[in-house]
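Asks: After the structure tokens below, expect a handful of questions from me.
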Amino acid sequence: MKILSKVILGAVLAALLPSARSDGATYTLTAGTLAAAITSTSSQVIAVSSTSGFTANTTGIFVDREFMLVTAVNGATNIRVMRGYGGTMSALHVSGEPFYVGTLSLFQNYSQGEGSGCTASTTYVLPWVNILSGDVQDCRSSGQWFTLRHGTFGATGVRISAFCTGSLGSAETEYLNGAACSGATTATARQVLSKYGTVASLRVVAGTNVSGGTNKDVLTVYKNGSSTTLTCTFATGGAATTCSDSTHSFTAAPGDVLTFQFVTATSDTGANVAASVEQY
């Protein structure tokens, strides 16, 4: 039965889903989280934070590596599902586990080639979810496909990080060198990459609120001494301890060197800045 349902789903998806739209439009799978644990592989009533966007018999939900068909919507937070749909296996799931939801035609039965070219604005759907392998893929500004994770839980990227300690200097261009933040005006800490891939998912956190300013308090990732599009700016007003860039990316090759530059505002009050990116 599992093999038969896999074959049927593959045929349906192949018939319904082109890889790109002629009108340039792109669909987006909606992300959500389970509101309660699924403690039995036979459970058919699932608790979610909201049933908005769920429609019986046309909506699928992908949790970790299990695909489910929504068969009924029971109020604002519960749905009834057919477990292990499309050749996937029923599994236990913890409360808060992330999922993707959308019409059946937005889920795939194959993966894109890792590192192959793509154009986000004309790709049929993002993220690209292959329910059979569990691959969750994205196309970002680097123009390449890369795999974010296998299933909705497991990340596949290699994390690259940097930090500085103590208070930020005033109106300085500083680098995260693993030492004092203030006065670090030369990049002495370098992250050397060992593989081809795509660098994305910039996240920055400070130990205290960063004061912010026009075109200031900006963290930028540099590759081989040149700035990249991977950058984020702390909010103006001194109320932010984090910033991130989940949109941009750039290609990388073995031997490429990454550094992290931070341009501070006048009379900055932030301190202890750490940043990380993922190479996929």
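The values are calculated or read from the model by the stated rules, or taken from the named source; none is laboratory data. Bear in mind the structure is a predicted one, so any value in this text is a computation, not a measurement. Here the Cβ is made from the backbone with ideal geometry for all residues, glycine too, and neighbour counts use every protein chain on show.
Asks: Within the stretch 135-178, which strands (runs of 3 or more DSSP E) (wholly inside it) include 3 or more residues that are modelled with pLDDT under 90 and not hydrophobic (A, V, I, L, M, F, W, C)? Lay out the reasoning, then the answer.
Replies: Values: elements: 135-139, 145-150, 158-163, 173-175.
In the stretch 135-178, 145-150 are the strands (runs of 3 or more DSSP E) which contain 3 or more residues that are modelled with pLDDT under 90 and not hydrophobic (A, V, I, L, M, F, W, C).
Asks: Starting from residues that are of a type in the set (D, E, K, R) and in a strand (DSSP E or B), keep the ones in the stretch 223-280 and report whichever is nearest to Ser116 (Cα to Cα). Can you show your working first?
Replies: Quick first cut of the stretch 223-280, residues of a type in the set (D, E, K, R) only: 223, 245, 256, 268, 278.
Now narrow it down to the ones that are in a strand (DSSP E or B): 223, 245, 278.
Numbers: Lys223: 21, Asp245: 22, Glu278: 18 Å.
So the residue we want is Glu278.
Asks: Filter the stretch 98-113 down to the residues that are in contact (Cβ under 8 Å) with a residue 60 or more places away in the chain and surrounded by fewer than 19 Cβ atoms within 10 Å (Cβ to Cβ), then identify the one that is farthest from Thr58 (Cα to Cα).
Replies: By that ranking, first place goes to Pro98.
Asks: Being part of a loop (DSSP other than H, G, I, E, B) and at pLDDT 95 or above is the filter here, so list the residues in the stretch 56-68 that pass it.
Replies: Filtering the stretch 56-68 for residues part of a loop (DSSP other than H, G, I, E, B) gives 56-58, 64-65.
Listed by number, the residues that qualify are Ala56, Asn57, Thr58.
Asks: Now for a separate question. Every residue in the stretch 155-209 that is of a type in the set (Ser, Thr, Tyr), without any contact (Cβ under 8 Å) to a residue 60 or more places away in the chain and under 22 Å from Ser267 (Cβ atoms), please. Explain how you work it out, then say what you get.
Replies: As a first pass, look at the stretch 155-209 and keep what is of a type in the set (Ser, Thr, Tyr): 156, 161, 165, 167, 170, 173, 175, 182, 185-186, 188, 194, 196, 198, 201, 208.
Keeping just the survivors that are without any contact (Cβ under 8 Å) to a residue 60 or more places away in the chain gives 182, 185-186, 188.
Listed by number, the residues that qualify are Ser182, Thr185.
Asks: Residues in the stretch 114-134 that are surrounded by fewer than 17 Cβ atoms within 10 Å (Cβ to Cβ), in a loop (DSSP other than H, G, I, E, B) and of a type in the set (Val, Ile, Thr): how many?
Replies: Here the count works out to 1.
Asks: Considering only the stretch 5-18, I want to know if a residue exists there that is at pLDDT below 90, under 20 Å from Gly134 (Cβ atoms), polar (S, T, N, Q) and part of a helix (DSSP H, G or I). Give the steps one after another, and end with the answer.
Replies: Of the stretch 5-18, the ones at pLDDT below 90 are 5-18.
Subset that is under 20 Å from Gly134 (Cβ atoms): 5-10, 12-14, 17.
Now drop any that are not polar (S, T, N, Q), which leaves 5.
Next, only the ones that are part of a helix (DSSP H, G or I) stay: 5.
Looking for residues that are at pLDDT below 90, under 20 Å from Gly134 (Cβ atoms), polar (S, T, N, Q) and part of a helix (DSSP H, G or I), one finds at least one in the stretch 5-18, hence yes.
Asks: While we're on this one: Can you report the number of residues in the stretch 69-97 which are assigned to a strand (DSSP E or B) and buried (at least 21 other Cβ atoms within 10 Å of the Cβ)?
Replies: Step one: filter the stretch 69-97 for residues assigned to a strand (DSSP E or B), giving 69-74, 78-82, 93.
Now restrict to residues that are buried (at least 21 other Cβ atoms within 10 Å of the Cβ): 70, 79, 81, 93.
Of the residues in that region, 4 qualify.
Asks: Continuing with the same structure: Among the residues of the stretch 242-280, which ones are farther than 13 Å from Arg203 by Cα and either without any contact (Cβ under 8 Å) to a residue 12 or more places away in the chain or hydroxyl-bearing (Ser, Thr, Tyr) (or both)?
Replies: Passing the criteria: Thr251, Thr259, Thr264, Thr266, Ser267, Thr269, Tyr280.
Asks: Next question, about the same structure. For residues in the stretch 165-198 being under 30 Å from Phe146 (Cβ atoms) and of a type in the set (A, V, I, L, M, F, W, C), which is surrounded by the most Cβ atoms within 10 Å (Cβ to Cβ)?
Replies: Going through the qualifying residues, I end up with Leu176.
Asks: Just to be sure, is Phe234 crowded, with 20+ Cβ neighbours inside 10 Å, modelled with pLDDT of 95 or more and either of a type in the set (Phe, Trp, Tyr) or not assigned by TED's automatic domain parsing to the domain that holds Asn177 (or both)?
Replies: Criteria not met by Phe234.
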